[in-house]
Every structure is written in C-alpha cells, then in structure tokens.
1. Among the listed pairs LYS28/LYS73; LYS29/LYS163; LYS53/LYS173, give every one whose C-alpha distance is greater than 32 Å.
2. In nanometres, what is the gap between the two model label sites at LEU93 and ASP42, each 7 Å from Cα along Cα-to-Cβ?
3. What's the local net charge at PRO49, with K and R +1, D and E -1, over the other residues with C-beta under 9 Å away?
4. Per-residue HN-Hα couplings for segment 84-93, Karplus 6.51 cos²θ - 1.76 cosθ + 1.60 at θ = phi - 60°, whole Hz, x for Gly and Pro?
5. Using 0.36 nm per residue of separation minus the Cα-Cα distance, give me the extension gain between GLU83 and SER164 in nm, one decimal.
6. Run the numbers on the chain and let me know its relative contact order in percent, using alpha-carbon pairs under 8 Å that are six or more apart.
7. For the pair GLU146 and GLU124, what calculated FRET efficiency results from E = 1/(1 + (r/R0)^6), where r is the Cβ-Cβ distance and R0 = 25 Å, to the nearest 0.05?
8. I need LEU101, LEU27 ordered by Cβ neighbour count within 10 Å, fewest first.
Amino acid sequence: MIYPIVIFGAEVLRKPSVELTADYPDLKKLIEDMFLTMAAADGCGLAAPQIGKNIRLFVVDCSAWGEEDEACKDYRKAFINPEIYEVSEETDLFNEGCLSLPGLHEDVRRPIAIRMRYLDENLEPHDELFDGFRARVIQHEYDHLEGKVFTDRLSPLRRQLLKSKLVGMSKGKYRCAYKTK
Ligand code: NI
C-alpha cells in the first residue's frame, strides 16, 4: 500500500521516535510499503514519522546518484534503530528538499561523513562508515527520527524569512503530485 505523506505542521513529525522491537507486527510489509510510498513520491528517503509512525525506521534510495557516486549505484536500504555515533568535523552544503515540506529547497550544512550502527531489514546488526550522498540522505532521515526537519538546521535569519511559507504549508497551502495528509 502507498501511504499518504504527512506534511510539516503535524505533531508526529516533531516527536522523537521510539526503538523498534523484534516482535513489531508485519515489519517486512511496512518496509515494503515505505519503499513503494517513497518511489510513488519520487523521493530518495522516507522516515516512518512521515507516514505517521513514531518508530525508528527509515528507507533510502540513492540510486539516482549512481552516476556521480559509485557507492550510490542501486543503493536501496532500510535502517532500523540507527545510531549515529560519530560525525566528521568537515561539513559541506547541499541543497535539500523533503517530501514533508513540498516545494521547499534550501542549502543545509552537515558533516560530510558519519559512523552509524543500525539493524537492516533482517534485523542483522551493522556498524558502518557513510560518506558522499549516502551520508547526506541518512542524516536527513535520521533527523526525522529525532523530531527534526531540515529547516531546523538553517540560520535563524533564513528561518525567519521562510516563516510565512512554513505557516502556510502547515495550513494546507502547498502543491505536490503525491498523496498527503
Ligand atoms: Ni525529509
């Protein structure tokens, strides 16, 4: 099933998510549906709060960057209970968007590399270094699990300038091609 995507202003996007337990019902199906939902909205990442579930789970699809970044080639993965435990001092800017903030694109500064522990969709543990576009997408999705969105990372001035747009969005003033709620 394709879920409607929750738009900025909803409380579920602002609550920290809880860890998933091994007995979570129909986890495989939920992950499959998140991949479907992300693809239908043409996204490269989707976190569970964006479909109304405050659980520590997100999916990414970096395959569109496969030409520029070898590690992104056919890279589609689910991440459960992730924990970013180290970030690089070096940062860079990248123009980000978010399915929950339709029509908004801003340059966001983030570390260029991270180390993260997580479980994959078979609940196998991993401890991995990510850089390039994968590090960017993963940090964006990870923020969703902490109740954050990318505009929280902009300068206070930039946020001030975007304020009326964000208020409008939270009141339903936005346009996008996918199903929302
Ligand atoms: Ni997002």
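Read-outs throughout are calculated quantities, based only on the coordinates presented, and are distinct from any laboratory measurement. Please read all numbers here as calculations on a predicted model, not as lab measurements. We place every Cβ from the backbone using ideal geometry, glycine too, and count neighbours over all the protein chains shown.
1. Values: LYS28/LYS73 23 Å; LYS29/LYS163 37 Å; LYS53/LYS173 23 Å.
Listed pairs above 32 Å: LYS29/LYS163.
2. That separation, rounded to one decimal, is 2.5 nm.
3. Numbers: positive: ARG14, LYS15, LYS53; negative: none.
Within the 9 Å Cβ shell, the charges total +3.
4. Residue by residue, segment 84-93 yields 7, 10, 8, 10, 6, 6, 5, 10, 8, 9 Hz.
5. 25.8 nm
6. Working: 343 pairs, mean separation 49.6, N = 181.
This gives 27 percent for the chain.
7. Numbers: r = 24 Å, r/R0 = 0.95.
That gives a FRET efficiency of 0.60.
8. On the way: LEU101 24, LEU27 19.
Going from least to most buried by this count: LEU27, LEU101.
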